[in-house]
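A short write-up of the structure that comes next.
Readers should treat all values here as calculations from the given coordinates under stated rules, not as data from a laboratory. Note that the coordinates shown come from a computational prediction; the quantities given were computed from them, not determined experimentally. Cβ: placed from backbone, ideal geometry, glycine included. Neighbour counts: every protein chain shown.
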Amino acid sequence: MTTSTRWLLLVLGAVALLGAFTAGGMTGRRDLPPWPQLSVLKGRLAVTPPPPESRYRFDANGRIVADETKTHVVCPAQSARTAVLLVLGQSNAANHAGQRYRSAYGNHVVNFFERQCFVAASPLLGATDTKGEYWTELGNLLVASGTFDTVVIAPLAFDGSEVARWVDGGDLNALLIDTMAHLGSAGYRVTEVLWHQGEMDYVLGTSAQDYSDRFLSMIGTLRTYGIAVPVYVSVASVCLEPSNGGFKAHAAHNPIVRAQAALPALDSTLRPGVNTDTLLDDLDRFDDCHIGGSGTDKVARAWADLLLNGRGKVGG
């Protein structure tokens, strides 16, 4: 092969490569054949790396149903000195707080979930997210008071859940029925129900009457399934900023607050819960909505005082 022939072949090859590159760019930009077909083929041949492993497993509603770090224990027997707390509500009742806690008393403060018990530690099984919560610290305070030997915490709390989802026939009402059944089959009788919810209904503009009616529908479910114990109703409507699904400002005397404050007068088993709207200030919330470390301490102590007073003992 002569030198001139070699140069001719090199020039023709370069022109062919340039043409292919240009054609590829044109077909890719305009999505013309064979670009779509080649893209599909690449997608089929590409190996997608598996997602990183997590210690948590979630259900379809986003609540934690398994955590490989949990310490499984035999469920403690209930006595007159046992508190069995059914915790209901939305994110500020779930694992969305800025401070984690663990049981300071081993298996004397436990997280109950689906007929099993675990040493209580944030995040709790049965609620959404993987951050902190204050119910475990409430359990510590109740045991430390000397009034209780054991505290069983059964959480059922969902981020952004409005009260309409808890009414008879609602999706969370069905899970509430399941939770009550699990507690009963494990030999537990609920001693108190703690309700912290309302922020979403404030944003949605739920009327005071509708909130009250829907809440009482849920209470009807509790009574139907034999839970006639005190239900503590929190006053809770503060969750600011669009990033949290709220507004930039909050009206203190709103329909949700009025409904929550009035509910205890409608039923002798309903009692005032913690008013987090007034208890917490700006520094107690880490994102204008969810409760930070200083706030979780305040809320846990406020709940402890309520429950200890309810059992005839003033909390310290």
(message) Can you pull out the trypsin sites (Lys or Arg not before Pro) in the range 62-160 whose DSSP state is coil and whose Cβ has at most 15 other Cβ atoms within 10 Å?
(response) Arg81, Arg115
(message) Give me the percent relative contact order of the range 58-310, please, defined on Cα pairs under 8 angstrom at least 6 residues apart.
(response) 21 percent
(request) Determine the shape class of the range 137-196: with a ≥ b ≥ c the square roots of the Cα gyration tensor eigenvalues, call it rounded for a/c under 1.5, and otherwise prolate if a/b is greater than b/c, oblate otherwise. (result) oblate
(request) Extending each Cα 7 Å along its Cβ direction at Asp288 and His253, get the distance between those two points in nm, one decimal. (result) 2.5 nm
(request) Note down the relative contact order for the range 248-316 as a percent, whole number, built from C-alpha pairs under 8 angstrom at least six residues apart. (result) 20 percent
(request) Compute the Cα gyration tensor for the range 188-316, then decide on rounded, prolate or oblate, letting a ≥ b ≥ c be the square roots of its eigenvalues: rounded whenever a/c is under 1.5, prolate when a/b is larger than b/c in the other cases, and oblate in all that remain. (result) oblate
(request) Give, as a single signed number, the net charge of other residues whose beta carbon lies under 10 Å from the beta carbon of Lys248, with Lys and Arg counted +1 and Asp and Glu -1. (result) -2
(request) Just round it to a whole percent: the fraction of Cα-Cα distances in the range 263-316 exceeding 15 Å. (result) 54 percent
(message) Defining a contact as two alpha carbons under 8 Å apart and six or more residues distant in sequence, what relative contact order in percent does the range 104-162 show?
(response) 40 percent
(message) I want the local charge near Thr269. Using Cβ-Cβ distances under 11 Å, sum +1 for each Lys or Arg and -1 for each Asp or Glu among the other residues.
(response) 0
(request) Return the Cα extents of the range 217-291 along principal axes one, two and three, sorted largest first, each rounded to a whole Å. (result) 40, 21, 20
(request) Using label points projected 7 Å from each Cα along Cα→Cβ, tell me how many nm separate Arg115 and Tyr225, to one decimal. (result) 1.5 nm
(message) Quick check: Cα centre of the range 228-295 to Cα centre of the range 68-118, how many Å?
(response) 23 Å
